[in-house]
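The values are calculated or read from the model by the stated rules, or taken from the named source; none is laboratory data. The structure presented is a predicted model; accordingly, all values stated were derived computationally and were not measured. All Cβ positions, glycine included, derive from the backbone under ideal geometry; neighbour counts span all protein chains shown. We work out accessible area using only protein heavy atoms, side chains counted, and drop any ligands, DNA or RNA first. Shrake-Rupley method; radii C 1.70, N 1.55, O 1.52, S 1.80 Å.
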Amino acid sequence: MPYRVKKILPLLVLCSFILTTGFSPIDQVQNRYETKGKIPEPVYSMRHNEKKIKVCYLTFDDGPSESSEKIMGLLNQYHAKATFFLLGKHILKFPEVVRNMKREDFTIGLHGVSHDYKKLYSSEKSVVEDMIDDQNITMEVTGLRTPFIRTPYGSYPFMKESYRRAVVNHGFIMWDWNVDSYDWRYRDWRFVQQTIKQIKKVEKEGQVPVLLLHDRTYTLRHIESLLLYLQQHKYQMKGIDASMNPLQFPLKKQ
């Protein structure tokens, strides 16, 4: 086969794929972030669908870090996807890690820039501007405009009703969790025990587990046993997408 034909053949195959399917592999990844003009209403509990397929959503805060690549490697090993809520200053420190997250089809979200609750939650403007700054940093590194945010320490009690309206008005989709791994407290094997205990509890209540984890070395050391548990109990481990009703803490403690 002539060299020129060999060179353009992969491009011809890709063009044929796009024409016959209507989308490219890149579009398929980016569609996860499209809101189609309307942000879904939040929910305070995520219920199983009628098919009762066992699904859980793994989320990692505070990354990227020196542990991110190894965490992603373990997730891939267990056929798991996850959402990484990233801090702007860490993105600038580990830009290639974030590009790898995108390439490996993990969902990318925003965790702000400051992580200083006194500064961040001083007004609805400060919350929005912090997330916009993080979003712009993410775009510069990956070319991806992600709408997903997780406010530091969760939305309750800091995110007042006006704050929540403000982030929605700026196109953001805010997510909390219903399973706190406590990896930030224990930093050892005990966080896995706590996580499994909570997963069983929310499952008993008919809810879908949304796990809070952290992109840190102490989480990496023990997370494989959690992934093994989820795999053995037939969970599909997924990243969030823009078609889902985001799980949020209620404005008042229940």
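Here are the numbers for the structure shown:
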| item | result |
| --- | --- |
| Of Lys125/Lys252; Lys197/Lys253; Lys52/Lys197; Lys36/Lys93, those spanning more than 27 Å from alpha-carbon to alpha-carbon | Lys36/Lys93 |
| Sequence of Phe148, Phe249 when ordered by accessible area, the most exposed leading, probe 1.4 angstrom | Phe249, Phe148 |
| Gaussian network model of the chain, springs between alpha carbon atoms under 10 Å - residue of Pro64, Pro147, Pro157 with greatest fluctuation | Pro157 |
| Rounded to the nearest 10 Å², the accessible area of Ser225 at probe 1.4 Å | 60 Å² |
| Listed residues Met101, Met46 arranged by accessible area, highest first, probe 1.4 Å | Met46, Met101 |
| The chain, accessible surface, carbon-and-sulfur percent (1.4 angstrom probe) | 54 percent |
| Most mobile listed residue (Ile223, Ile132, Ile196) in the chain, GNM with C-alpha springs under 10 Å | Ile196 |
| Among Asp116, Asp130, Asp180, residue whose mean-square fluctuation peaks in a GNM of the chain (springs only between Cα atoms under 10 Å) | Asp116 |
| Cα centre as origin, Lys/Arg/Asp/Glu Cβ charges: the chain dipole, Debye | 540 debye |
| Distance between region 98-151 and region 179-242 - C-alpha centres, whole angstrom | 23 Å |
| For Glu104, solvent-accessible area (1.4 Å; no DNA, RNA or ligand), Å² | 60 Å² |
| Local net charge near Gln248, Cβ-Cβ under 9 Å (Lys/Arg +1, Asp/Glu -1) | 0 |
| Span-like helix ranges in the chain, DSSP H, alpha carbon extent 20 angstrom or more, Kyte mean at least -0.5 | 3-21, 124-142 |
| Inter-label distance, nm, simple model (7 Å from Cα along the C-beta direction), Tyr78/Lys38 | 3.7 nm |
| Per-selection Rg to Rh, the chain - Cα, Kirkwood hydrodynamic radius | 1.00 |
| Antiparallel %, DSSP beta bridges [both residues in the chain], to 5 | 5 percent |
